[in-house]
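Below is one structure; the comments refer to it alone.
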Amino acid sequence: MINELLFMNGYGVYVLSAFSFTLFSFSALYLITKVQFIKEQNKFVAKFGSLNSEKAKSAKSQRINKEILANVTNN
Amino acid sequence: MFKLFQPNKIFQITSKAPKYILLLFVIVLSIGLMEALILSPEDYKQSDAVRIMYVHVPAAWISLGIFSSITFLSISGFIFKNKNFFLIAKSLAPSGFVFNIIALVTGSIWGKPTWGTWWAWDARITSMLILALFYAMYLISWRIYENEEKVFKITTFITIIGIVNVPIIKYSVDWWNTLHQPASINILSKSSIHSSMLFPLLIMTAAFALFSLLIFLMKYNTELIKIKNKGLDRL
């Protein structure tokens, strides 16, 4: 059964390499995008942390900034 | 109406959605892979080589769909002077480009057992390669130009020129004698593909669409945070 699945009447090498390339591309794109996202999120947290209390209060008044910070703690 | 789609308002949704989309994608992809590799029948002519269709065709469809969407969004961004449209278009491009590459590579792998060659300068393949070049130019433009107005103009220009290629890709198999077979699936008329093959193809298309949605959301959120980072610098 497994041999049949892998051999695929002699086309296994073509079929499995096409599927493997697709899944590899998916994984690579997902990881690159995730790393970029985390990097940008960490940069935001670091910048936010360096603000003085007045500026931090003003930045926190924006809902999106609060959401970004909330997401970091959730992750 | 555009106010509903303001980044500040939709971030709450776009930041939470990826984990659910990822879960759904894994489920749909698992079903699709089982259908495509095990349950679907082999072709009477191409035998098991036909299974490559289940990754090649959805990748090609989605890369074409994404490029058309990018063009529409870029033109709309220009007409309505809405930056968010450009941001959405920019976030869609990476997955469109990767799907384009997948379509080219898997098509090349499929070509070897069916046509006896890895590559042919056939109208369909060449026009898909040209689309990949337009995607590359679009993505590079976002990287090299700092000025917002300039990058909006250049990327819109690239998409307007590139969209001319999309109907050429679609009708290349009808207009020229190519190695590619004509379309087996037609929305307006009866499809020539059997339901036992159509079903896994649609499942795989759904999985690929979910993946592009996932990447789009992650990229869009990254772009929003980038903007907010610049905002913190200005405080």
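Any read-out appearing in this document is the output of simple, stated calculations on the displayed coordinates, not a laboratory observation. Model, not experiment: these values are computed from the prediction. Don't worry about glycine lacking a Cβ; one is built from the backbone with ideal geometry, like all the others, and counts go over all protein chains shown.
Membrane-span-like helices of chain B, defined as complete DSSP H segments with a Cα extent of 20 Å or more along the helix axis and a mean Kyte hydropathy of at least 0.5, are identified as B:7-34, B:53-80, B:83-115, B:123-144, B:148-163, B:195-234. Considering only Cα atoms, the convex hull volume of chain B works out to 144 Å³ per residue. Neighbour counts of C-beta atoms inside 10 Å place B:Y145, B:Y138 in the sequence B:Y145, B:Y138, starting with the fewest. For the residues of B:101-114, the average number of beta carbons from a partner chain within 10 Å of their own beta carbon is 4. Annotation: the range B:5-126 has a Kirkwood hydrodynamic radius of 17.1 angstrom, from the mean reciprocal C-alpha pair distance. Mean silhouette area of the range B:94-209, derived from the convex hull of its C-alpha atoms and averaged over all directions, reads 8.9 nm². For the range A:2-74, the residue among A:V72, A:L51, A:L31 whose Cα projects farthest onto the positive side of the dipole built from Cβ charges is A:L51.
Ranked for footprinting exposure by Cβ neighbours inside 10 Å, fewest first, A:Y14, B:Y135 give A:Y14, B:Y135.
Hand me the chymotrypsin sites (Phe, Trp or Tyr not before Pro) from the range B:92-127 located in a DSSP loop with no more than 10 other Cβ atoms within 10 Å, in residue order please.
Working: sites: B:F97, B:F99, B:W110, B:W115, B:W118, B:W119, B:W121; in loops: B:W118, B:W119, B:W121.
Listed in order of number, the matching sites are B:W121.
Simple spin-label estimate for A:N52 and A:S17 gives 6.4 nm between the two label positions (7 Å along the Cα-to-Cβ direction from each Cα).
Measuring nothing but how far apart in sequence close Cα pairs (under 8 Å, 6+ apart) lie, relative to its length, the range B:54-206 scores a relative contact order of 28 percent. Mean per-residue shielding of peptide A:63-72 is 5, counting Cβ atoms of other chains within 10 Å of each Cβ. Residue separation of B:R143 and B:L24 scaled by 0.36 nm, minus their Cα-Cα distance, works out to 39.7 nm of gained length. Structural size metrics of the range B:129-193, computed from C-alpha coordinates, are Rg and Dmax of 16.5, 50 Å.
Of the residues B:I101, B:F152, B:W121, the one whose Cα sits farthest towards the positive end of the charge dipole of chain B is B:F152 (charges of +1 on Lys and Arg Cβ, -1 on Asp and Glu Cβ, taken about the Cα centre).
Inter-part distance, the range B:172-235 to the range A:22-62, computed on C-alpha centroids, equals 27 Å.
Classify chain A: rounded, prolate or oblate, from the alpha-carbon gyration tensor (a ≥ b ≥ c, eigenvalue square roots; a/c under 1.5 rounded; otherwise prolate if a/b is larger than b/c)?
Working: a/c = 6.29, a/b = 4.78, b/c = 1.32.
Cα axes put chain A in the prolate bin.
How much mean residue ellipticity at 222 nm does chain A get from its helices, if each DSSP H run of length 4 or more adds -39500 (n - 2.57) and you divide by all residues, to the nearest 500 deg cm²/dmol? List each step's numbers first, then the result.
Numbers: 4 runs with 64 residues, N = 75.
Estimated from H runs of four or more residues: -28500 deg cm²/dmol.
Would you mind giving the mean number of other chain beta-carbons within 10 Å of the Cβ of each residue in B:218-230, as a whole number? Numbers along the way, then the final one.
Details: counts 7, 5, 1, 7, 9, 3, 4, 14, 4, 2, 11, 8, 1.
Per-residue shielding by partner chains comes out at 6.
The stretch between B:H194 and B:T126 holds 21.6 nm of extra length on full extension. This uses 0.36 nm per residue minus the Cα-Cα distance.
For A:S25, B:S189, the sequence from fewest to most other C-beta atoms within 10 Å is B:S189, A:S25.
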